[in-house]
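What follows is a single structure, written as structure tokens, with notes after it.
The values are calculated or read from the model by the stated rules, or taken from the named source; none is laboratory data. No experiment lies behind these values; they were computed from the predicted model shown. Please note: Cβ atoms are built from the backbone with ideal geometry, for glycine as well, and neighbour counts cover all protein chains shown.
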Amino acid sequence: MDKLLIRGGACLNGELRASGAKNSAVLMLAASLLANEPVRLTNVPHLRDITTMIELLGSLGVEVVIDEKMGIEIHANTIKSFRAPYDLVRTMRASFLVLGPMLAHYGQAEVSLPGGCAIGPRPVDQHLKGLAALGANIEMDEGYVKASVDGRLKGTRFIFDFSTVGGTEHVMMAATLAEGETLLENCAREPEIVDLADCLNEMGADITGAGTDTIRIRGVEALTGCDHRVISDRVETASYLIAAAATGGRVKMKGTVPVHLDAVLAKLTEAGARIETGEDWISLDMEGRRPRAVSLVTAPYPAFPTDLQAQILAMNAVSEGTATVRETIFENRFMHVHEMNRMGARISLEGNNTTAIVEGVERLKAAPVMANDLRASVSLVIAGLVAEGDTVVDRIYHIDRGYEQVEEKLKNLGADITRIHA
Ligand code: EPU
């Protein structure tokens, strides 16, 4: 298993280009199963989660052609099987979302239940309720969801019990090929949902309201191909901004969408960073100062995202003052706290592990660390950058799931970081 060796102390400085959004691209790969013609995606990041999804499509018999610039063309009408096996679904939860598109297009699908994961149990009840409301017959059999429909799904009105990104995307995709109109209420509003709706509309779907809590989908009989450019990854962009802030540095992220990060930029400003934005760039300058610790609560978009909680905690760990960070999306997303404390951070967990109280220290101390999820792993890389000595972060296959060329990008900003190939 590869590891990253980080010699702490560098002040990050420079410019980077944001990669395409993982959480948009994986969904569009699933959505391509709705089309009768080739779907072409560009600005797809080169990541393990993308490869896993392509492998899953391949196991269904779908032809996928990748060019040298990670342009991906998916020919879904070459599909031969409607069964997504446990071995692939368990490694990446988003692959469960092939269920709705296969069901809507081919009237049948059999997909393994994803099971729990490192950050919490993550049920899919809202996905299944939404598909059932569209008229799907759903049965559970030996860990698989078997879904079928006679003819087409039927448009309906469905209200989600709470905000769910995957649930909203899943039911929205399935409703594109339903007979009649579907009204989805209490929807999640994340930018990746809007990007997915844009891509589906380019395929001939009729979706309005994505990005608000009510989405209207007028079902169409068939979807065609399209040529879609994936939006930039807001979580990746912000991870580098936070890393720069933690080191007292200065960084400009290009090819990004500043408005997607309003809540995060507000927190970084509160931490003492000077933020400037243009149409497609964000710059952050800490002017060599130590950040001030910032309190926050994670919540659905447009509030502060759970996917940046671990990274901001790493910054808070070396900031001036004390802060409270409360996680409201996932039950078990503070595992990085124990690792950071092994590096000399002063973080305690309260409220049944839902709230971290961070008392900033001047500097962390290097230690061998590892994490069980993507964002926690990158937060330990940030901790390593602000630690005295050489930190080794183990199990970085988690980072490779979501950060394209992480060590090259950090090296470009002046970090002393090396990948150790096991
Ligand atoms: N939930 C249910 N039932 C459902 C669906 C969700 O109880 O049917 C719960 C989840 O367990 C969680 C909460 O609702 O506690 C919100 O989950 P949501 O469905 O919004 O999350 P997701 O679709 O599974 C996506 C991202 C995550 C990101 C969350 C929250 C993708 C592929 N994944 O997950 O990204 O943390 O939204 O914003 O889009 C990551 O990139 O590291 C990552 C984990």
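Summary table
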read-out	value
Selection from region 236-261 of residues that are farther than 16 Å from residue 410 by Cβ and buried (at least 24 other Cβ atoms within 10 Å of the Cβ)	256, 260, 261
Qualifying position, being assigned to a loop (DSSP other than H, G, I, E, B) and over 30 Å from residue 181 (Cβ atoms), among 287, 221, 276	287
Output for region 139-158, where each listed residue is among the hydrophobic types (A, V, I, L, M, F, W, C), within 16 Å of residue 96 (Cβ to Cβ) and at pLDDT 95 or above	145, 147
Which numbered condition residue 335 fails, given (1) more than 16 Å from the ligand (Cβ to nearest atom); (2) modelled with pLDDT under 95	(1)
Count of region 224-236 residues which are in a strand (DSSP E or B) and either more than 25 Å from the chain's Cα centre (by Cα) or more than 26 Å from residue 75 (Cβ to Cβ) (or both)	1
Pair list, Cβ under 6 Å, 6 or more apart: region 213-231 residue closer than 13 Å to residue 193 by Cβ, other residue assigned to a strand (DSSP E or B) and of a type in the set (A, V, I, L, M, F, W, C)	215/184; 217/207
Region 320-344, subset among the small types (Gly, Ala, Ser) and surrounded by fewer than 21 Cβ atoms within 10 Å (Cβ to Cβ), residue nearest to residue 291 (Cα to Cα)	321
Test: residue in region 20-30 that is under 24 Å from the mean Cα position of the chain (by Cα) and away from the ligand (no atom under 16 Å from the Cβ)	no
Which listed residue is at pLDDT 95 or above, closer than 21 Å to residue 94 by Cα and touching a His at 6+ places or on another chain (Cβ under 9 Å), from 177, 184	177
Odd one out for residue 271 among (1) crowded, with 17+ Cβ neighbours inside 10 Å; (2) small (Gly, Ala, Ser); (3) under 23 Å from residue 411 (Cβ atoms)	(3)
Residue match in region 271-285 (condition: within 15 Å of the ligand (Cβ to nearest atom) and either over 16 Å from residue 15 (Cβ atoms) or free of Cβ contacts under 8 Å to residues at least 12 places away in the same chain (or both))	no
Per-region count, region 195-207, residues in a helix (DSSP H, G or I) and either within 12 Å of the ligand (Cβ to nearest atom) or touching a residue at least 24 places away in the same chain (Cβ under 8 Å) (or both)	7
Hey, residue 356 under 23 Å from the mean Cα position of the chain (by Cα), within 16 Å of the ligand (Cβ to nearest atom) and under 20 Å from residue 297 (Cα atoms) or not	no
Selection count, region 160-195, where residues are among the hydrophobic types (A, V, I, L, M, F, W, C) and closer than 21 Å to residue 299 by Cα	8
In region 301-331, residue farthest from the ligand (Cβ to nearest atom) [restricted to those that are of a type in the set (Gly, Ala, Ser) and assigned to a helix (DSSP H, G or I)]	317
Close pairs from region 126-143: first over 16 Å from residue 154 (Cβ atoms), partner outside any loop (DSSP other than H, G, I, E, B) and more than 16 Å from the ligand (Cβ to nearest atom), Cβ under 9 Å, at least 6 apart	139/146; 139/148; 140/146; 141/110; 143/86
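Results for (1) over 19 Å from the mean Cα position of the chain (by Cα); (2) modelled with pLDDT under 95, shown as yes or no for each residue.
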| residue | (1), (2) |
| --- | --- |
| 40 | yes, no |
| 49 | no, yes |
| 57 | yes, no |
| 61 | yes, no |
| 65 | yes, no |
| 77 | yes, yes |
| 85 | yes, yes |
| 89 | no, yes |
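For every residue, the table says whether it meets (1) without any contact (Cβ under 8 Å) to a residue 60 or more places away in the chain; (2) surrounded by 17 or more Cβ atoms within 10 Å (Cβ to Cβ); (3) of a type in the set (Asp, Glu).
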| site | (1), (2), (3) |
| --- | --- |
| 10 | no, yes, no |
| 31 | no, yes, no |
| 60 | yes, yes, no |
| 71 | yes, no, no |
| 78 | yes, no, no |
| 89 | yes, yes, no |
| 103 | no, yes, no |
| 111 | yes, yes, no |
